[in-house]
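Colleague: Can you keep this structure in mind? I'll have questions shortly.
The values are calculated or read from the model by the stated rules, or taken from the named source; none is laboratory data. The model shown is predicted, which means the values in this text are computed figures rather than measured ones. In this analysis, Cβ positions are derived from the backbone assuming ideal geometry, glycine residues included, and neighbour counts consider all displayed protein chains.
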Amino acid sequence: MPSIQVLPDLLVNKIAAGEVVERPASVVKELIENSLDSGAHRIEIAIEEGGRKLTRVVDDGSGMDAEDLARCVLPHATSKIRGESDLFAIRTMGFRGEALPSIGSVSQLRVVSRRPDAHEAHEIRMAGDRVEPIIAASGPPGTTVEVRELFFNVPARQKFLRTAQTEMGHITEQVARIALAHPGIEFRLTHNGRLIHHLRPAGQVRSRVADLYGAELADSLLEFARDERGLKIHGYAGRPADSRSSGKWQYIFLNGRYIHDRFVSAAAREAYRGLMEANRYPVFFIALEVDPAAVDVNVHPTKSEVRWQDSNVVYSQVLSVLRDRFLNANLTPQYRPDAGGRQAPSPSAAPATGLHALSPDPSDSMTQDELDADRRREVRQSVAEFYKRSLPAGHLPPPGGPASTGASAESGSGGSRHSPMVRTSWPSTPAGHPAATTAGDRETESAAADPQLASPHPPGWNPPVGGLGPANRAPRVIQVHRAFLVTESDDGLTIIDQHALHERILYEKISEQISRGSLESQRLLLPETVNVAPDHVALIESHGELFGQLGFELSPYGPSTIAVHAAPSLLSPERVADFVRDALDRLVARDAPASGEMLMNDLIAMCACKAAVKAGDPLSPAEIESLMAQRHLVDRSTNCPHGRPTSLNLTLGDLEKQFKRT
């Protein structure tokens, strides 16, 4: 018996289906691409049970006659390639001739098609290796393809399908990709009879982005365009303030086809370098047009990857157009007024919620201008008190010094109204002199006049055993560049990252509260709507219990919108939408299924990060003292939940070496 066998047609088709048909979303992609190649202007997609039970695609394209309908289910039969030369100038979405026969080999396939000039339609059915004769049928001009019981004859593939919500999420994302690449085509998507999307023809991609992801994101996008060296580039780039926690919001299109491309992605990353945090991902929609002869689109079974004739040109042109656009744009995060009339910053520039995150922030009712003015008054008052304490009686500060500047600003007698430049330092004052007081001492003195300042700690706070250092007094602590805290240690200095330490403290507090039930929640007076990716809406159902433990109450509000009815008390209102978007991105970005405990730990760490003070946030002496005291009350305070160190020690020996004293 010969060892080499010719495989039967059914097995050949099943092997091809393994490459082309990975899940229901793959079926949707192949069928929509065929509709686009037929010249359709309107495409309807109806899904049942996440594509397991039914996938129906109806278009108003050119349709097929009986002869073409009989050939369309044959392997490698296509109307898009006539000769070898056509392989080097692919201008259509599909061209392999594998889609329909591969899909029909693993499903129950029905195709009804009619040409616009024909009086009747024709129908063909296929299931596995069985193809029924063509019969006359009724139907509108165009083509209708129905795929039922996907993988009915391949149980091994069927058991790997996810839940209906998960599969529908992939389908929704696939439709979004194609709709973004073809804004002039009308799309209608339904699931189990419920309308998910109705995307009417749009003149530009920005309008389609608004339909899919909300007008807020679409309006903030920066448009760019370039046509040089045989490469036409057009697209929209998100501002650094609109960055996301995953790369899912990055769309690259080549000649109307969605692709993954490492050269374009690398160029975009380089263009954004230095404009956002390293662990954030920009949002962009980049459309490229090039002569089909300059690119090979046949290097991947699903045509999602390409090979460039000159990848250096692609990289340099994308990098150049993005950099030029950023240089000519104001990328400063903009403050947007919220419903209450005060200025609410954009998500990436939102102010800190304060160290006592479980208590309301008294500054929430103040505008940013009022906060800045209040800070300036505090600085002037502090400088004036310093000079009063440190200078001998009868001695006046030098002309133009901080004390005189503050006095003239307050009295309005013609002096400068700008706050002085203040540098943190320790004056060389003899011990026992009134100037030799720490921030804690001044806070204690202020508390005598204002009872509300008597205890800067949260209710129920107890100092660590043994007090707060020698003589039950905390060591002096200063804030450097509004990012680090510097304090004395037994053998030198300790430098603390204020954000990392506060993040660890909040992480431990949140974990403890959730272990006792769920996080303290606050119901919103009016639900807040959050625009998300279309495939993210289904996640709030599959992970509803997870969000509930965190204090969230979420519900679908539209095809790509979620309504937030309640949120954790520790999150400021400005950060609720940002957290929900990032949490959903994180859930989608996971490569492998994770346990509920792992997902919960990820979300707790993210929640702590969002609620913690940030680098650049000024802290009052009371806040610094509270933060330093809680440092000794939590486990693993040496590292934040993401593993970064919270503090750095410099011994006296290290300092002496730096100053050449050893």
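Colleague: Is it the case, given these coordinates, that GLU574 is touching a Ser or Thr at 6+ places or on another chain (Cβ under 8 Å) and among the charged types (D, E, K, R)?
Modeller: On the way: touching a Ser or Thr at 6+ places or on another chain (Cβ under 8 Å): no; among the charged types (D, E, K, R): yes.
No: the conditions fail for GLU574.
Colleague: A further question on this structure: Got at least one residue in region 210-232 being among the hydroxyl-bearing types (Ser, Thr, Tyr), over 23 Å from LYS29 (Cα atoms) and surrounded by 18 or more Cβ atoms within 10 Å (Cβ to Cβ)? Give the derivation first.
Modeller: Applying the first criterion (among the hydroxyl-bearing types (Ser, Thr, Tyr)) to region 210-232 yields 213, 220.
Okay, now just the ones that are also over 23 Å from LYS29 (Cα atoms), so 220.
Then drop every residue that is not surrounded by 18 or more Cβ atoms within 10 Å (Cβ to Cβ), which leaves none.
Scanning region 210-232, I find no residue that is among the hydroxyl-bearing types (Ser, Thr, Tyr), over 23 Å from LYS29 (Cα atoms) and surrounded by 18 or more Cβ atoms within 10 Å (Cβ to Cβ), so the answer is no.
Colleague: Picking from HIS170, HIS122, which residue would you name as being under 22 Å from SER542 (Cβ atoms) and touching a helix residue (DSSP H, G or I) at 6+ places or on another chain (Cβ under 9 Å)?
Modeller: Details: HIS122 fails: under 22 Å from SER542 (Cβ atoms).
Result: HIS170 is the single residue among HIS170, HIS122 that is under 22 Å from SER542 (Cβ atoms) and touching a helix residue (DSSP H, G or I) at 6+ places or on another chain (Cβ under 9 Å).
Colleague: For ALA164, all conditions in the list (1) in contact with a Gly (Cβ under 6 Å, 6 or more places away or on another chain); (2) at pLDDT 95 or above hold save one; what is the number of the exception?
Modeller: (2)
Colleague: Criterion first (outside any helix (DSSP H, G or I), out of contact with any Lys or Arg (no Cβ under 7 Å at 6 or more places or on another chain) and in contact (Cβ under 8 Å) with a residue 12 or more places away in the chain) does LEU150 satisfy it? Write out each step before concluding.
Modeller: Values: outside any helix (DSSP H, G or I): yes; out of contact with any Lys or Arg (no Cβ under 7 Å at 6 or more places or on another chain): no; in contact (Cβ under 8 Å) with a residue 12 or more places away in the chain: yes.
Answer is no for this residue.
Colleague: I'd like to know if region 189-208 contains one or more residues that are buried (at least 17 other Cβ atoms within 10 Å of the Cβ), touching a residue at least 12 places away in the same chain (Cβ under 8 Å), closer than 23 Å to PRO282 by Cα and polar (S, T, N, Q).
Modeller: no
Colleague: Among the residues that make up region 115-133, is at least one of them within 17 Å of ASP37 (Cβ to Cβ), crowded, with 20+ Cβ neighbours inside 10 Å and modelled with pLDDT of 95 or more? Don't jump to the end; show me each part of the working.
Modeller: Quick first cut of region 115-133, residues within 17 Å of ASP37 (Cβ to Cβ) only: 115-116.
Filter once more, keeping what is crowded, with 20+ Cβ neighbours inside 10 Å: none.
For region 115-133, residues within 17 Å of ASP37 (Cβ to Cβ), crowded, with 20+ Cβ neighbours inside 10 Å and modelled with pLDDT of 95 or more: absent.
Colleague: Same structure again: Would you check if GLU98 is closer than 23 Å to LYS303 by Cα and acidic (Asp, Glu)?
Modeller: Working: closer than 23 Å to LYS303 by Cα: yes; acidic (Asp, Glu): yes.
Yes: the conditions hold for GLU98.
Colleague: Which one of these does ARG482 not meet: (1) loosely packed, with under 15 Cβ neighbours inside 10 Å; (2) within 26 Å of the chain's Cα centre (by Cα); (3) modelled with pLDDT of 85 or more?
Modeller: Among (1) loosely packed, with under 15 Cβ neighbours inside 10 Å; (2) within 26 Å of the chain's Cα centre (by Cα); (3) modelled with pLDDT of 85 or more, the lone unmet condition for ARG482 is (2).
Colleague: Considering only region 180-211, how many residues are under 21 Å from ASN255 (Cβ atoms) and touching a Ser or Thr at 6+ places or on another chain (Cβ under 7 Å)?
Modeller: Of the residues in region 180-211, 1 are under 21 Å from ASN255 (Cβ atoms) and touching a Ser or Thr at 6+ places or on another chain (Cβ under 7 Å).
Colleague: I would also like to ask the following. Of everything in region 606-662 that's surrounded by fewer than 19 Cβ atoms within 10 Å (Cβ to Cβ), more than 30 Å from ARG581 (Cβ to Cβ) and of a type in the set (Ser, Thr, Tyr), which residue is farthest from the chain's Cα centre (by Cα)?
Modeller: Selected residue: THR662.
Colleague: Let me ask another. Would you pick out the residues in region 507-521 that are over 25 Å from VAL588 (Cβ atoms) and either surrounded by 15 or more Cβ atoms within 10 Å (Cβ to Cβ) or outside the structural domain of ASP617 (by TED's automatic domain parsing) (or both)?
Modeller: Step one: of region 507-521, the residues over 25 Å from VAL588 (Cβ atoms) are 508-509, 512-513, 515-517, 520.
Hits for region 507-521 are GLU508, LYS509, GLN513.
Colleague: While we're looking at this one, here's another question. Pairs needed: first member in region 294-305, farther than 19 Å from LEU231 by Cα and charged (D, E, K, R); second member anywhere, part of a loop (DSSP other than H, G, I, E, B) and modelled with pLDDT of 70 or more; C-beta distance under 9 Å; at least 6 residues apart or different chains.
Modeller: LYS303/MET93; LYS303/VAL297
Colleague: Tell me which of these ALA563 doesn't satisfy, since it passes every other one: (1) at pLDDT below 90; (2) surrounded by fewer than 18 Cβ atoms within 10 Å (Cβ to Cβ); (3) over 19 Å from ALA164 (Cα atoms).
Modeller: ALA563 satisfies every listed condition except (1).
Colleague: Can you name every residue in region 619-644 that is modelled with pLDDT of 80 or more, touching a strand residue (DSSP E or B) at 6+ places or on another chain (Cβ under 7 Å) and assigned to a loop (DSSP other than H, G, I, E, B)?
Modeller: Residue satisfying the conditions is LEU619 alone.
Colleague: Residues to consider are LEU571, LEU587, LEU603; find the one that is crowded, with 17+ Cβ neighbours inside 10 Å, within 19 Å of SER518 (Cβ to Cβ), at pLDDT below 90 and in contact with a Cys (Cβ under 8 Å, 6 or more places away or on another chain). Lay out the reasoning, then the answer.
Modeller: Working: LEU587 fails: in contact with a Cys (Cβ under 8 Å, 6 or more places away or on another chain); LEU603 fails: in contact with a Cys (Cβ under 8 Å, 6 or more places away or on another chain).
LEU571 is the lone residue from the list that is crowded, with 17+ Cβ neighbours inside 10 Å, within 19 Å of SER518 (Cβ to Cβ), at pLDDT below 90 and in contact with a Cys (Cβ under 8 Å, 6 or more places away or on another chain).
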